[in-house]
Amino acid sequence: MYNIPTSSSRRVVIIGGGFGGLAAAKALRESGLQVVMIDSNNCHQFQPLLYQVATSGLEPTAIAFPLRSILRGRKDFHFRMAYVTGVDVERCVVMTETGELEYDYLVVAAGADTNYFGMSNIEAASMPLKSIDEALALRNRIYRSLESAQKCECVEEQERLLNFVIVGGGATGVELAGALAELRNRVLPRDFPDLDFSRMKVWLLNASDRLLEAFSEKSSEKCLTDLRAMGVDVLVEAKVSDYADGAVIYNDGQRIESANLIWASGIIANKFEGLDNTARGRRIVIDEYCRVGERVFAIGDIAINNESPLPQVAQVAIQQGRNVGRNVINMERGRALEKFVYKNKGSMATIGRNRAVAEIGRLRVSGFAAWVLWLFVHLLFILGFRNKLLVMWDWAWSYVTHDQPLRSIIEAKKRR
Ligand SMILES: Cc1cc2nc3c(=O)[nH]c(=O)nc-3n(C[C@H](O)[C@H](O)[C@H](O)COP(=O)(O)OP(=O)(O)OC[C@H]3O[C@@H](n4cnc5c(N)ncnc54)[C@H](O)[C@@H]3O)c2cc1C
């Protein structure tokens, strides 16, 4: 199945070409093993910058990188685009929508999806932000709502179209709220001179009492002050429970009329048949070596070690991927396994132009210095020289011209 060339080497199958899967594949480069990566997409997506695609700051191809070209030229490395449905650990096979594939070692790195916590009205009405197509759909929604608002003669309906409600005060919600506010403050009034942008509201609703809970209280406060200075309507202790009759419902019945609900409030691990994913957030339970069972590993957003739970961030996935790659080689060579130890390299979130917060060890930085740091770190981690150039170009253009030029509505035609 899958036309994988026969090999005298044992086979490692990696499910997922995100941060974790790629790190594992790179660590296995000199292993002498056959490596097969399966992903339902043919590209690696740089999720930390999705919000910039959604708000017209970056073009989608700048944060997507074809998996085949990242790993081309590697001996006995094979990529297959397929959707994995399950794993049979007894028979050592991965099940996909188009057939089965045998493995000797398995690395599950399939990440997570948006969690609506069972609220079906919200799932049906809201825009998530977990992939490039969702970022593009959100960008289209923003400009469709503005175009409709421009034509609309009913004041109430116009208000609904101009209300953008973001739910979730983590880094994604904060970054999106800041970028949308900047778009409104600096860019959109030039495109829509007949629309009164003092009526366009960017709301950020957070269930807990502070934004950026993973950061220190000082950084949370700085973030709140900055967002409010930029004109974002931030509501804390505002728990969204429903979307009904065109309005977002929070805290037992309070309403914000809005045609634009953006959901950035939680993730749930992607699901496969055959693996125990009963831990919090539907995650797969792993041990201190990232193992699920014999020769089966899980890493990144999809995995949790209940003894020492870690945040679902890129650094955890990357470091676990490297650890698992090394441990597969250790197993092959009969050596002892290395325990996984996470090295926290810090956290950062951008709030807007020249505004960010960064925490590295005991160092707390905010404002321009944190913003520059944020730019450099993200550039460093984007794959591919061309992509780095594209991102740098888009950022430089926006910074100098105060413009975000990628404001076209581009929608795929329905397939016949
Ligand atoms: C909007 C946003 C902003 C973020 N910002 C930051 C940030 O600033 N800093 C940070 O550290 N982290 C950030 N994160 C989190 C970070 O992106 C994740 O922690 C990281 O991507 C997890 O890596 P992973 O390898 O586990 O999964 P992913 O990178 O999500 O990769 C999973 C891969 O598996 C594939 N896949 C999924 N299901 C299947 C299937 N059934 N069959 C085949 N393939 C499948 C997917 O196509 C994908 O390529 C952000 C996430 C989002 C959504």
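Observations on the model:
- From its DSSP helices (H runs of at least four residues, each -39,500 (n - 2.57)), the chain gives a residue-normalised ellipticity at 222 nm of -9500 deg cm²/dmol.
- Cβ-to-Cβ counts within 10 Å put I262, I299 in ascending order as I262, I299, the fewest first.
- Basic side chains Lys and Arg get +1 at the Cβ, acidic Asp and Glu get -1 at the Cβ, and with that the dipole of region 1-147 about its Cα centre reaches some 520 debye.
- Share antiparallel - DSSP beta bridges, the chain, percent rounded to 5: 50 percent
- Ascending count of other beta-carbon atoms within 10 Å, so fewest first, for D301, D245, D233: D245, D233, D301
- The relative contact order of the chain comes to 20 percent, based on Cα pairs under 8 Å that sit 6 or more residues apart.
- Set of aspartates and glutamates near K343 by C-alpha distance (under 15 Å), chain-local residues within fewer than 8 positions excluded: E288, E359
- Fully extended contour minus Cα-Cα distance, from D287 to R74, at 0.36 nm per residue: 73.7 nm
- Estimated dipole of region 338-416 in Debye, rounded to 20 [Cβ of Lys and Arg +1, of Asp and Glu -1, Cα centre]: 400 debye
- Computed over the chain, the range of Cα coordinates on each principal axis works out to 70, 56, 44 Å, biggest value leading.
- The convex hull built on the alpha-carbon positions of region 120-265 has an orientation-averaged projected area of 8.6 nm².
- Each part gets one Cα centre, and for region 321-342 versus region 1-71 those centres are 20 Å apart.
- DSSP assigns beta bridges within region 120-265; of those with both partners inside it, close to 35 percent run antiparallel.
- About its Cα centre, the dipole of region 63-160 is roughly 580 debye, where the only charges are +1 on Lys and Arg Cβ and -1 on Asp and Glu Cβ.
- Region 80-133-region 384-416 distance, computed between alpha-carbon centres (Å): 29 Å
- Of the cross-linked pairs K151/K201; K218/K345; K130/K239; K26/K345; K388/K413, those separated by over 25 Å at the C-alpha level are K388/K413.
- Counting every other Cβ atom within 10 Å of each residue's Cβ, K75, K413, K130, K26 order from fewest to most as K413, K75, K26, K130.
- Overall form of region 321-416 per C-alpha gyration tensor (a/c, 1.5; a/b vs b/c): oblate
- With respect to the chain, whose longest principal axis is taken over its alpha-carbon atoms, helix 132-151 is tilted by about 10°.
A short reminder: the numbers here are calculations on the coordinates, not readings from a lab. In this text, all values refer to a predicted model and were calculated from it rather than measured experimentally. With ideal geometry, Cβ positions are generated from the backbone for all residues, glycine too; neighbour counts draw on all protein chains shown.
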